[in-house]
Amino acid sequence: MQETVCSELNNQMTQLDFILANFSESREYLEDGYYRVQDFGDGSYELEFSVAGYCGTFDSHPAIKFRMDAETKAVTFLLYRDMVASPIQFFKPETKKDQAFVQERFEQLLAKFYQAKHAN
């Protein structure tokens with residue numbers, strides 16, 4: 001069981017490193033929506049998948065802001081935002097339940113970014 005967990009974590013870190021190196025702060029349209037990575041310069045990042053909104057806006061679906069420790073690569077979730085979900089979800093993941101929810105969405109978002117870039 002522990003090997004599976006470690007293998008999954010290594011795969012996620014490989015995906016995250018790839019995403020941070022291959023996406024930028026400029027939104028990039030790839031087949032199903034817009035992809036963007038913001039680097040806040042303090043070890044904090046935001047992965048955002050968005051869809052076109054009204055009047056030229058972009059609606060996050062979702063966006064996850066996180067901090068990554070430079071040495072350990074440990075990820076701490078800071079903010080979750082999904083403006084397309086009903087009801088809209090915008091919160092700091094402070095409870096274990098919220099953290100587990102964001103962790104699951106983060107894993108899905110990593111896979112989505114990784115697959116989108118590899119498909120093009």
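State all residues of the range 50-82 that are touching a residue at least 12 places away in the same chain (Cβ under 8 Å), within 18 Å of Tyr35 (Cβ to Cβ) and out of contact with any strand residue (DSSP E or B) (no Cβ under 6 Å at 6 or more places or on another chain); if no residue qualifies, say none.
Across the range 50-82, the qualifying residue is only Ala52.
Looking at the range 35-74, which of its residues are of a type in the set (Ser, Thr, Tyr) and under 19 Å from Tyr114 (Cβ atoms)?
Once the filter is applied, which keeps residues that are of a type in the set (Ser, Thr, Tyr) and under 19 Å from Tyr114 (Cβ atoms), the range 35-74 yields Tyr35, Tyr45, Ser50, Ser60.
Examine the range 25-36 for a residue that is surrounded by 18 or more Cβ atoms within 10 Å (Cβ to Cβ) and in contact with a Lys or Arg (Cβ under 6 Å, 6 or more places away or on another chain), and state whether such a residue exists.
Yes, the range 25-36 contains at least one residue that is surrounded by 18 or more Cβ atoms within 10 Å (Cβ to Cβ) and in contact with a Lys or Arg (Cβ under 6 Å, 6 or more places away or on another chain).
Give all pairs with beta carbons closer than 6 Å in which a residue from the range 83-111 that is closer than 16 Å to Gln12 by Cα meets a residue that is in a strand (DSSP E or B) and of a type in the set (Ser, Thr, Tyr); count only pairs at least 6 apart in sequence or on separate chains.
Val102/Tyr80
Got a number for residues in the range 85-103 being surrounded by fewer than 15 Cβ atoms within 10 Å (Cβ to Cβ) and under 25 Å from Gly53 (Cα atoms)?
So the answer is 7.
How do the pairs read when you match residues in the range 20-45 that are charged (D, E, K, R) with residues anywhere that are surrounded by 13 or more Cβ atoms within 10 Å (Cβ to Cβ) and in a strand (DSSP E or B), using Cβ under 6 Å and keeping only pairs 6 or more apart or on different chains?
Pairs found: Glu25/Gln38; Arg27/Tyr34; Arg27/Arg36; Glu28/Tyr35; Arg36/Glu48; Asp39/Tyr45.
Residues Asp39, Asp69: which one is in contact with a helix residue (DSSP H, G or I) (Cβ under 8 Å, 6 or more places away or on another chain) and surrounded by fewer than 16 Cβ atoms within 10 Å (Cβ to Cβ)?
On the way: Asp69 fails: in contact with a helix residue (DSSP H, G or I) (Cβ under 8 Å, 6 or more places away or on another chain).
From the options Asp39, Asp69, the qualifying one is Asp39.
Is at least one residue of the range 45-65 surrounded by fewer than 15 Cβ atoms within 10 Å (Cβ to Cβ) and within 14 Å of the chain's Cα centre (by Cα)? So that I can check it myself, show each step before the final result.
Pass one, the range 45-65, residues surrounded by fewer than 15 Cβ atoms within 10 Å (Cβ to Cβ): 51-57.
When the remaining residues are screened for being within 14 Å of the chain's Cα centre (by Cα), the result is none.
Within the range 45-65, not a single residue is surrounded by fewer than 15 Cβ atoms within 10 Å (Cβ to Cβ) and within 14 Å of the chain's Cα centre (by Cα).
Taking the range 104-120 as the search range and keeping residues that are loosely packed, with under 11 Cβ neighbours inside 10 Å and of a type outside the set (S, T, N, Q), which one is modelled with the lowest pLDDT?
Filtering first and then ranking leaves Ala119.
The values are calculated or read from the model by the stated rules, or taken from the named source; none is laboratory data. All figures in this text were calculated on a predicted structure; none of them were measured in a lab. All Cβ positions, even for glycine, are placed from backbone atoms using ideal geometry, and neighbour counts span all protein chains on display.
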